[in-house]
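Engineer: Let me begin by handing over the structure; questions about it come next.
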Amino acid sequence: MDDTKKILIPIAVALLALIVLASTFTVQQWETAIKLRLGEIVRSGYEPGLHFKVPVLNNIMHFDARIQTLNARPQRFLTIEKKDVIVDSYTKWRINDAAQFFRSTGGDSARAERLLSERINTALRDEFGKRTIQEVVTEDRIELMKALTKVSDTQAGELGVEVLDVRVKKIDLPPEVSESVYNRMRAERERVARDLRAKGAEAAERIRADADRQRTVIIADAYKEAEETRGEGDGRAAEIYATAYQENPNFYAFYRSLDAYRRTFANKGSTLVLSPDSEFFRFFNSQDPGSAAALSGSPRLPGTAAR
């Protein structure tokens, strides 16, 4: 009998442990769970911790309640201008109603992402259809993503999930459109470049004309100043000559004649045809030895006969 007890007690303990283990389940901090009874939901929204169930009769479904990322494939949408754009986006979402999530998707995360992707694509198509390309790529892009998040969250409510954020990563033009856009952009840049070059050439001509005008004015002013200085010098020279002439007219005449002789006879190879009794040779023809001396009041100079 004692041997039988020794055998039955461990068996009973093991069975009790199995019953307890089969009657409890644990919900982790990052999980949410629902309790099913013969396939029908009887409870949801369990807090993290240890909970109880009826073995065999109840079944527990666990779902990941953390924020998840849905990376959608790039899709083509039409703007209000009827222009195609290729949009690459992603979505941050999480399960907020485990019971509704199970009813809508059967607890299949892949199916949930497929259904959520369809709704987000619908929201993207609607929002892009209300805007121009300029609006979706510039300052209106933030408002676009806010509107997408709000609409997607409303539509995803029937799946038992919450859409936290919808972000547009990249907006591209289709290859057949990109080339024409680049050509238009290139033509526009070339037009702007031509306009800038024309304005630059106009400014250069204006600067060059102004420089030429200033050069002409400067040269004219310099010529005027030079002529005034030359005139003043000639006047001063004439005044000196007049003063010298008044001091001794005969010597002045003699000096000027010598200067004329020097200038004339300095030109080698030149021929000068003059009459012997010309006024030019008056000092050569003078026979009065006292006339030269009388030029300056100094001792008389001998006369020189013309040759």
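Bear in mind these aren't lab numbers, they're just calculated from the coordinates by the rules spelled out. A quick note: this is a predicted structure, and the numbers were derived from the prediction, not measured. Neighbour counts are summed over all protein chains in view; Cβ atoms, including those assigned to glycine, are modelled from backbone coordinates with ideal geometry.
Engineer: If one computes P(r) from the Cα atoms of region 2-64, what percent of pairs lie at distances over 19 Å?
Structural biologist: For region 2-64, the share of Cα pairs beyond 19 Å comes to 43 percent.
Engineer: Just to check, using Stokes-Einstein with a Kirkwood Rh over alpha carbon pairs, what's the diffusion coefficient of region 64-129 at 37 °C and 0.692 mPa s in µm²/s?
Structural biologist: 250 µm²/s
Engineer: Still on this structure, I have one more. Note the full-extension length gain between TYR245 and ALA266 as 0.36 nm times their separation in residues minus their Cα-Cα distance, in nm to one decimal. Each step should come with its number before you reach the end.
Structural biologist: On the way: separation 21, 0.36 × 21 = 7.56 nm, distance 2.54 nm.
Taking TYR245 through ALA266 to full extension adds about 5.0 nm, to one decimal.
Engineer: What residues qualify as long-range amide H neighbours of LEU36, i.e. H under 5 Å apart, gap of 5 or more or another chain, H built at 1.01 Å from N?
Structural biologist: VAL42, ASN59, ILE60, MET61
Engineer: Efficiency by 1/(1 + (r/R0)^6): what FRET value for LYS82 and ASP165, r their Cβ-Cβ distance, R0 = 25 Å, to the nearest 0.05?
Structural biologist: Here the calculated transfer efficiency is 0.30.
Engineer: Could you give the dipole magnitude of region 68-173 about its Cα centre, charging the beta-carbon of Lys and Arg +1 and that of Asp and Glu -1, in debye to the nearest 20?
Structural biologist: 200 debye
Engineer: At what distance in nm do the modelled label points of ARG141 and THR4 sit from each other, each positioned 7 Å from its Cα along Cα→Cβ?
Structural biologist: A separation of 8.3 nm, rounded to one decimal place.
Engineer: Read phi for every residue in region 52-67 and hand back ³J(HN,Hα) as whole Hz from Karplus 6.51 cos²θ - 1.76 cosθ + 1.60, θ = phi - 60°, with x for Gly and Pro.
Structural biologist: With the stated coefficients, region 52-67 comes to 10, 8, 8, x, 6, 6, 9, 10, 10, 10, 9, 10, 6, 9, 6, 5 Hz.
Engineer: Let me ask another. Kyte-Doolittle cut-off 0.5, length cut-off 27 Å along the helix's own axis using Cα: show which whole DSSP H helices in the chain pass.
Structural biologist: Details: long enough: 2-23 (31 Å, 1.58); 109-128 (28 Å, -0.68); 175-247 (105 Å, -1.05).
Qualifying helices: 2-23.
Engineer: Please work out the FRET efficiency for the pair ILE41 and ASN71, using the Cβ-Cβ distance as r and a Förster radius of 45 Å; give the result to the nearest 0.05.
Structural biologist: On the way: r = 31 Å, r/R0 = 0.68.
Efficiency for this residue pair is about 0.90.
Engineer: Oh, and also: Taking the convex hull of the alpha carbon atoms in region 68-173, what volume per residue do you get, in Å³? Can you show the working numbers first?
Structural biologist: Working: hull volume 8.3 nm³, N = 106.
Enclosed volume per residue, from the Cα hull, is 78 Å³.
Engineer: Highest first, please rank the peptides 234-245, 154-165 by the mean number of other Cβ atoms sitting within 10 Å of their residues. Mind showing how you got there, number by number?
Structural biologist: Details: 234-245: 11.0, 154-165: 18.5.
The most tightly packed comes first, giving 154-165, 234-245.
Engineer: Take the cross-link list LYS82/LYS199; LYS82/LYS170; LYS130/LYS169; LYS83/LYS199 and give me the ones stretching past 29 Å between alpha-carbons.
Structural biologist: On the way: LYS82/LYS199 38 Å; LYS82/LYS170 19 Å; LYS130/LYS169 19 Å; LYS83/LYS199 36 Å.
Beyond 29 Å: LYS82/LYS199; LYS83/LYS199.
Engineer: Binning at 20 Å from 0, report for the chain what percent of all alpha-carbon pair distances ends up in each bin.
Structural biologist: Taking all Cα pairs of the chain, the binned fractions are 18, 20, 13, 10, 9, 11, 10, 6, 2, 0 percent.
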